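Before any comments, here is the structure.
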Amino acid sequence: MAEAKDATAWVPARPTLRRLAEAVQDCRGCELWEDATQAVLSTGTREARLMLVGEQPGDREDREGEPFVGPAGRVLATALETAGIDPGETYLTNAVKHFRFERRGKRRIHEAPELRHLVACHPWLEAELTVVDPDVVVCLGASARGGYDEALAELVSDLRVAASA
Ligand code: SF4
């Protein structure tokens, strides 16, 4: 079988958040699934008006299957509280659904995804955007750098992107 160029073949034709969360576990749209424990889709409901897009799951997220449960999640929780934003009204996801890392002994050290990983994984984010249809999308941290916000704007029309580091 020819190597897939992105996740398109694995994204359900009629997506719901539940279907996406199930289907993403089978994705082979790039090589990052090979070493990860599992794919991590998102947390939040389709009623959320604010979508926050991080870079990728971290070590703890990879093990637990939930986004933003590690150190970055604690920072985000504090930031939301400070900003007066109800976490229950946000949809949290990542641009890349599998954890990319480098092994050093027993440790797994975060390795930033390349733009090709972000592009390969984009069909999942596009499906999430279709289901949730948020008013505002905020790219967090590394996902807001390295040209991803431009790639996102190119790939998704009618989208307002606010970048936050
Ligand atoms: S990182 Fe994204 S495109 Fe790559 S295998 Fe995982 S879900 Fe698929």
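The values are calculated or read from the model by the stated rules, or taken from the named source; none is laboratory data. Please read all numbers here as calculations on a predicted model, not as lab measurements. A quick note on method: Cβ atoms are made from the backbone with ideal geometry, for glycine too, and the neighbour counts reach across all protein chains shown.
Let's see how each residue does on (1) in contact with a helix residue (DSSP H, G or I) (Cβ under 9 Å, 6 or more places away or on another chain); (2) closer than 21 Å to Val131 by Cβ:
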site	(1), (2)
Cys30	yes, no
Ala36	yes, no
Val40	yes, yes
Thr45	yes, yes
Gly54	yes, yes
Arg60	yes, no
Phe68	yes, yes
Arg74	no, no
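For the structure I just gave you, tell me whether Ala23 is in a helix (DSSP H, G or I), modelled with pLDDT of 95 or more and crowded, with 16+ Cβ neighbours inside 10 Å. Yes: the conditions hold for Ala23.
Looking at this structure, is Glu22 near the ligand (Cβ under 10 Å from one of its atoms), farther than 15 Å from Asn94 by Cα and not aliphatic (A, V, I, L, M)? No: the conditions fail for Glu22.
One line per residue, one yes/no per condition, for (1) in contact (Cβ under 8 Å) with a residue 40 or more places away in the chain; (2) crowded, with 22+ Cβ neighbours inside 10 Å; (3) more than 14 Å from the ligand (Cβ to nearest atom):
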| residue | (1), (2), (3) |
| --- | --- |
| Lys5 | yes, no, no |
| Ser42 | yes, yes, no |
| Arg49 | yes, no, yes |
| Glu61 | no, yes, no |
| Val69 | no, no, yes |
| Val75 | no, no, yes |
| Asp86 | no, no, yes |
| Val96 | yes, yes, no |
| Phe101 | yes, no, no |
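Right, Ala79: modelled with pLDDT under 95 and either among the β-branched types (Val, Ile, Thr) or within 16 Å of the ligand (Cβ to nearest atom) (or both) or not? Spelling it out, it is not the case that Ala79 is modelled with pLDDT under 95 and either among the β-branched types (Val, Ile, Thr) or within 16 Å of the ligand (Cβ to nearest atom) (or both).
The residues listed here are His117, His110, His122; of these, the one that is within 16 Å of the ligand (Cβ to nearest atom), over 14 Å from the mean Cα position of the chain (by Cα) and touching a residue at least 12 places away in the same chain (Cβ under 8 Å) is His110.
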